[in-house]
Amino acid sequence: MTTLAVDSVPHGFRGAILDFVGDPFYGAIEDCVRYWPDGLLVVAAGRVVACGAYDDLQGEFPNLDITAYPHRLLMPGFIDTHIHFPQMTMMAAYGEQLLAWLERYTFPIEAQFKDPAFARPMADRFLTELLRHGTTTALVLAAVFPESAEVLFEAAAARNLRLIAGKVMMDRNAPDYLLDTATDSYADSRRLIETWHKRGRLLYAVTPRFAVTSTPEQLSLAGKLLQEFPDVYLHTHLSENVDEVALVKATYPDHDGYLDVYDRAGLVGDRSIFAHGVQLTEAEFARLSEAGAAIAFCPSSNLFLGSGCFPIEKAKSTITPIKVGLGSDVGAGTSFSILQTAQDAYKVAQLRRQKLSAFQGLFLATLGGARALNLEAHIGNFLPGKEADFVVLDPCATPALALRHPNSLAQNHPVGTVAPDLETVADLAFALMLLGDDRAITATYILGELAYDQSA
């Protein structure tokens, strides 16, 4: 297994720079957003050494080798808090809502991932797509087969990626060829944790698919894994679709709702990430908030499957504040792009007569996602000591973007000129969020090393 070499000699990256140090859903914009029209990011040994205005920092690093990105925007790498590795080949599968979609498309596709000879090259393609879209950290579901998680971890380790993944646990209500057992899923998951969790930048998530496809025994053993390994994650689906919620109620008639199924098994805590949450009750919002759990907001998937509109205003309220990140949810989601996911988040908010600003959307894509994954000490912004995963964006990457902001990011403002105010920056960022996609990704860096270059 090979890994990227991490250079210990300081290196600079010059361009416009945008990141977040606070939550713009709650704080004043000027306290949450940092922007330098001509900025310098200094990296050594894979970590941020300094970040600020070029004029302020150049004197501190007089012999610094600098990679310049004129007319480009540097941001922390995007964070995908919910995506399915085995579903990348079945995006845009026509015409079904969640439960029928799983039966018709998803389960047959996932069966292929039992074979490492098939899954291994797919893992490499999956990670390439993440990087091509500017995603540097992801929380990933593998298939039910432990081999599918093994090859994904191997591929991520070779690229030095910050990745959280787990094999799906599923012992009922699915085709026989996809079922494990409660005891086998416990043993396989435990072995994967012992092998891969905290190996390099890799982390493990205990991953029951959803309540309907797990017996009470399997969920109980998932809870046992969380007790035995308290720093692993819990990753599953919750309250995505009306029919799904009804099926959970029929499957667990003695429980007080969908979340209660997980709660009684000991699966609701501050390292639990629940995808969707479209149909949550007020009591469930309150319980998630109390537990410090997180929600992966998957607007593209929710629109594609007709699941509904996630009430982000409840999750980001002061009454039931919940950690929220963005999830592409490939393959129900129709793009790996977190920019396009944020675009759909804006539209979902509009349908609920709410507003999602550019700064709020890009916060969810970066520092918000890091907080949802309890990784804000490591990633999410450019504070010194953070891991130097970042993306270089072209705000004029397409004709539509160039028309919207033809003179954006005029690099190297002459001394005495006035830098753009945050309102102007917000407008530029909004256009990028609404019109951007993989074409806007000029480059992606992992630990300060080039991992994707659009021009290559």
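Could you check the stretch 428-450 and list, in sequence order, the residues that are touching a Gly at 6+ places or on another chain (Cβ under 6 Å) and not polar (S, T, N, Q)?
MET433, ILE441, LEU447, GLY448
For (1) in contact with a Pro (Cβ under 8 Å, 6 or more places away or on another chain); (2) assigned by TED's automatic domain parsing to the domain that holds LEU139; (3) over 16 Å from HIS82 (Cα atoms); (4) not in a strand (DSSP E or B), each residue gets a yes or a no:
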residue	(1), (2), (3), (4)
ILE295	no, yes, no, no
GLU313	no, yes, yes, yes
SER317	no, yes, yes, yes
THR320	no, yes, yes, yes
VAL324	no, yes, no, no
ASP329	no, yes, no, yes
SER335	no, yes, no, yes
LYS355	no, yes, yes, yes
PHE359	yes, yes, yes, yes
Item to complete: Read through the list (1) among the small types (Gly, Ala, Ser); (2) free of Cβ contacts under 8 Å to residues at least 12 places away in the same chain; (3) under 25 Å from LEU326 (Cα atoms); (4) outside any loop (DSSP other than H, G, I, E, B), then give the number of the only condition that ALA123 fails.
Response: (2)
Worksheet item: List pairs: first in the stretch 139-164 and at pLDDT 95 or above, second part of a loop (DSSP other than H, G, I, E, B) and among the small types (Gly, Ala, Ser), Cβ under 6 Å, 6+ apart or cross-chain?
Response: SER148/ALA142; ALA149/ALA142; LEU152/ALA142; ALA157/GLY200
Worksheet entry | The one condition in (1) more than 18 Å from ILE273 (Cβ to Cβ); (2) in a helix (DSSP H, G or I) that ARG199 fails to fulfil | (2)
Worksheet item: Any residue at all in the stretch 44-60 that is more than 30 Å from ALA205 (Cβ to Cβ), surrounded by 14 or more Cβ atoms within 10 Å (Cβ to Cβ), in contact with a Ser or Thr (Cβ under 7 Å, 6 or more places away or on another chain) and not small (Gly, Ala, Ser)?
Response: no
Discussion item. Can you tell me which of (1) within 24 Å of LYS224 (Cα to Cα); (2) surrounded by fewer than 24 Cβ atoms within 10 Å (Cβ to Cβ) is the one ALA296 doesn't meet?
Written reply: (2)
Item to complete: Pick out the one residue from GLY369, GLY380 that is touching a residue at least 40 places away in the same chain (Cβ under 8 Å), buried (at least 20 other Cβ atoms within 10 Å of the Cβ), at positive phi and in contact with a strand residue (DSSP E or B) (Cβ under 7 Å, 6 or more places away or on another chain).
Response: GLY380
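So if I check each of LEU247, LEU259, LEU303, which one is in a helix (DSSP H, G or I), of a type in the set (A, V, I, L, M), surrounded by fewer than 24 Cβ atoms within 10 Å (Cβ to Cβ) and without any contact (Cβ under 8 Å) to a residue 60 or more places away in the chain? Spell out how you get there, then give the answer.
Numbers: LEU247 fails: without any contact (Cβ under 8 Å) to a residue 60 or more places away in the chain; LEU259 fails: surrounded by fewer than 24 Cβ atoms within 10 Å (Cβ to Cβ).
Sole residue among the options that is in a helix (DSSP H, G or I), of a type in the set (A, V, I, L, M), surrounded by fewer than 24 Cβ atoms within 10 Å (Cβ to Cβ) and without any contact (Cβ under 8 Å) to a residue 60 or more places away in the chain: LEU303.
The values are calculated or read from the model by the stated rules, or taken from the named source; none is laboratory data. Everything numeric in this text was worked out from a predicted model, so none of it was measured. Every residue, glycine as well, gets a Cβ built from its backbone with ideal geometry; the counts of neighbours run over all protein chains shown.
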